[in-house]
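This report concerns only the one structure given below.
The values are calculated or read from the model by the stated rules, or taken from the named source; none is laboratory data. This one's a predicted model, so the numbers in the text were calculated from it and none came from an experiment. Because the Cβ atoms are built from the backbone with ideal geometry, glycine has one as well, and the counts that use them run over all protein chains shown. Please note that ligands, DNA and RNA were not included when accessible areas were found on the heavy atoms of the full protein model with its side chains. Shrake-Rupley method; radii C 1.70, N 1.55, O 1.52, S 1.80 Å.
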Amino acid sequence: MPARGVPALTTFPYPELDKREEDHWSGAGVSDDELRALALGAFYSTRWDAFHDAMVLGPEREHPLGDRRELAIDTLTGAWGITDGNEARASMEQLLEGMHAPLYALVNPLVMASVNASERDRFGERADRHRAFLRQVGSFRGMDNPEALVRDYDIWAQAIKIGFTEHLARPLPNDIHAWDLARVVAVARMAFTAGYLEADVAWEYVMRALPPAQRRYRNWRQFGDAYLAGWTYWQATEDLAELKNGGVDRRMELLRLWTRPTSPWRRIELNESEPKPEPPAEEPS
């Protein structure tokens, strides 16, 4: 394995998180940056019992989930509406530009200002001003339904107030691009596994996701917290009921990635450590 800084194996300290399969490594000769890019989607590698260092998303062996190609096709169709390579590229381009992250950047600061306001103002004029502002933004941006931002605002505020975001780091992350970037890698790997993309095209998209992740996050802890906040924001707008247990489950998976010695997030850092400067040479006396 060319990745540097592989930690010594130790006993995993959270046996309740250790019920899934072992982390899978194929031993493929990927570069450090290729491993970092694949590790952006490590949550999905873990969920799919896939190799962390290969493009195929799915087990390379007999598995209860069945044929990995059929699973990838079913997931792309059911969750994404993707049925071919062109649709996969279009979705990944949208994710790279920011699918949910720009909406969160608008909504979350306003919600936090409202939630943290005085009790008298919390459900009053401040929230009404926020809704009016979001309607204006939606109209200015030419959104088909400007009320969608208002709906997100109200749902996100409700999720926070009723405690469905307690699994998130505090203060809440300001940025959730990790949620979009992790899914670039997941879609690229699924599309390759389904036979919709050639390997070189899938790798191109996976590698494009790495630089913005490295610019926005210093380490996997920040990346994981932002990913979970992004999933939570999306899930709140889709189905609030799923948050109560689903958020805790995903937090436990992230804890596993952060702490398990065989995790890709322990094998390599998100950003390469800067070399320490050489001490100045002593001048001869």
With respect to the numbered conditions (1) surrounded by 20 or more Cβ atoms within 10 Å (Cβ to Cβ); (2) assigned to a loop (DSSP other than H, G, I, E, B), which one is the sole condition not fulfilled by PHE192?
(2)
Of all residues in the range 141-180, count the ones that are assigned to a loop (DSSP other than H, G, I, E, B), within 15 Å of ALA105 (Cα to Cα) and among the small types (Gly, Ala, Ser).
0
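Condition first: more than 17 Å from HIS100 (Cβ to Cβ), hydroxyl-bearing (Ser, Thr, Tyr), in contact (Cβ under 8 Å) with a residue 60 or more places away in the chain and open to solvent by 30 Å² or more (accessible area, probe 1.4 Å). Can you find one or more residues in the range 200-209 that meet it? First the steps, then the outcome.
Here is the first cut: in the range 200-209, the residues more than 17 Å from HIS100 (Cβ to Cβ) are 200-208.
This time we only want the ones that are hydroxyl-bearing (Ser, Thr, Tyr), so: 205.
From what is left, the residues that are in contact (Cβ under 8 Å) with a residue 60 or more places away in the chain are 205.
From what's left, open to solvent by 30 Å² or more (accessible area, probe 1.4 Å): none.
Taking every residue of the range 200-209 in turn, none turns out to be more than 17 Å from HIS100 (Cβ to Cβ), hydroxyl-bearing (Ser, Thr, Tyr), in contact (Cβ under 8 Å) with a residue 60 or more places away in the chain and open to solvent by 30 Å² or more (accessible area, probe 1.4 Å).
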Taking helices (runs of 4 or more DSSP H) that do not extend beyond the range 1-116, which have at least 3 residues that are at pLDDT below 90?
68-75, 101-115
If you check TRP156 against the conditions, is it within 19 Å of THR237 (Cβ to Cβ), open to solvent by less than 80 Å² (accessible area, probe 1.4 Å), in contact with a Gly (Cβ under 6 Å, 6 or more places away or on another chain) and not small (Gly, Ala, Ser)?
no
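Answer yes if at least one residue in the range 213-225 is free of Cβ contacts under 8 Å to residues at least 12 places away in the same chain and more than 24 Å from ALA50 (Cα to Cα), and no otherwise.
Residues of the range 213-225 free of Cβ contacts under 8 Å to residues at least 12 places away in the same chain: 215.
So of that shortlist, the ones also more than 24 Å from ALA50 (Cα to Cα) come out as 215.
Looking through the range 213-225, at least one residue is free of Cβ contacts under 8 Å to residues at least 12 places away in the same chain and more than 24 Å from ALA50 (Cα to Cα).
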Which of (1) among the acidic types (Asp, Glu); (2) loosely packed, with under 14 Cβ neighbours inside 10 Å; (3) modelled with pLDDT of 95 or more does ASP180 not meet, given it meets every other one?
(2)
